[in-house]
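Visitor: Below you will find the structure I want to go over with you.
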Amino acid sequence: GAGGRLDAQAGRVAVLARSRLAGAGARLGTAERRLDPDRLGARLTRLDDEVVASGAQVGRRALRVTAAADARVEGLAARARSADPARALARGWSLTRRLDGALVRGADELAPGEAVVTTFARGRATSTVTEVTLTSRHPGDDAP
């Protein structure tokens with residue numbers, strides 16, 4: 001009766017326990033192999049080499065990007081220097097403004113009797129317009 005059923009149940013529990021223990025032992029063996037110091041050391045060395053190589057690659061890219069940015073900045077600086085009005089003034093050009101500071105771009109903006117201030121590379125002069133002569137020629141035209 002009851003004793004036989006109990007023995008059968010105990011047998012099934014023992015078989016199940018051995019099966020579970022065998023599975024756990026296999027998983028433990030797999031985990032142990034993964035944690036093998038030699039394998040871990042080799043993997044860490046490989047990963048360290050990858051990190052060093054990636055760092056070197058990032059460094060090279062950073063140098064290229066920085067060099068390109070430096071060249072761009074230098075080009076922009078050269079353009080800014082060439083557009084500096086002080087350089088044009090040094091070459092003999094001048095800037096003429098009304099007394100209110102407005103830049104005069106053409107004789108058609110002036111009238112006889114009007115006072116203007118002309119800026120040169122070395123100083124300024126205030127003068128009065130006595131005559132205005134208009135031409136059809138524009139700066140950059142090749143006609144005399």
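The values are calculated or read from the model by the stated rules, or taken from the named source; none is laboratory data. Just so we're clear, the structure is a prediction, and the values are computed from it rather than from any experiment. For the accessible areas, the whole protein counts, side chains as well, though only heavy atoms, and no ligand, DNA or RNA atoms are used. Shrake-Rupley method; radii C 1.70, N 1.55, O 1.52, S 1.80 Å.
Visitor: Can you list the HN-Hα couplings for the range 103-111, worked out from phi with the Karplus curve (6.51, -1.76, 1.60; θ = phi - 60°), rounded to whole Hz and with x for Gly and Pro?
Guide: 6, 9, 9, x, 4, 5, 8, 10, 9
Visitor: Taking amide H positions as placed in the peptide plane 1.01 Å from N, state which residues far from Glu114 in sequence (5 or more) or on other chains have amide H under 5 Å from it.
Guide: Val129
Visitor: Mind sorting out which of (1) 75; (2) 49; (3) 79 is the real percent of Cα pairs over 19 Å apart computed from the coordinates?
Guide: Structure-derived value, by its label: (3).
Visitor: List, in order, the whole-Hz ³J(HN,Hα) value for each residue of the range 58-63 obtained from phi through the Karplus relation with A = 6.51, B = -1.76, C = 1.60 and θ = phi - 60°; use x for Gly and Pro.
Guide: Result, rounded to whole Hz: 4, x, 5, 5, 4, 5.
Visitor: Quick one: pull the percent of accessible area on the chain belonging to carbon and sulfur, 1.4 Å probe, ligands and nucleic acids left out. Show your work: numbers first, answer last.
Guide: Numbers: 6920 of 11950 Å².
Carbon-and-sulfur percentage of accessible area, whole number: 58.
Visitor: Can you list the HN-Hα couplings for the range 73-82, worked out from phi with the Karplus curve (6.51, -1.76, 1.60; θ = phi - 60°), rounded to whole Hz and with x for Gly and Pro?
Guide: Karplus values, whole Hz, x for Gly and Pro: 4, 5, x, 5, 5, 5, 5, 5, 5, 5.
Visitor: What is the distance in Å between the Cα centroid of the range 63-97 and that of the range 1-55?
Guide: A separation of 71 Å, based on Cα centres.
Visitor: A further question follows. Please give the per residue accessible area of the chain, computed with a probe of 1.4 Å over protein heavy atoms only, in Å².
Guide: Heavy-atom accessible area per residue stands at 83 Å².
Visitor: Under 5 Å between amide hydrogens, which residues at least 5 positions from Val104 or on another chain qualify, with H placed 1.01 Å from N in the peptide plane?
Guide: Under 5 Å from the amide H of Val104 lie the amide H atoms of Thr96, Arg97, Arg98, each far enough along the sequence or on another chain.
Visitor: With the contact rule set at Cα under 8 Å and sequence spacing of 6 or more, what percent relative contact order holds for the chain? Can you show the working numbers first?
Guide: Numbers: 80 pairs, mean separation 16.9, N = 144.
The value is 12 percent.
Visitor: Report, in deg cm²/dmol and to the nearest 500, the calculated mean residue ellipticity at 222 nm for the chain, where each DSSP H run with n ≥ 4 adds -39500 (n - 2.57) and the sum is divided by the residue count.
Guide: -21000 deg cm²/dmol
Visitor: Roughly what angle does helix 2-34 make with the longest principal axis of the chain, taking Cα atoms, 0 to 90 degrees, to the nearest 10?
Guide: 40 degrees
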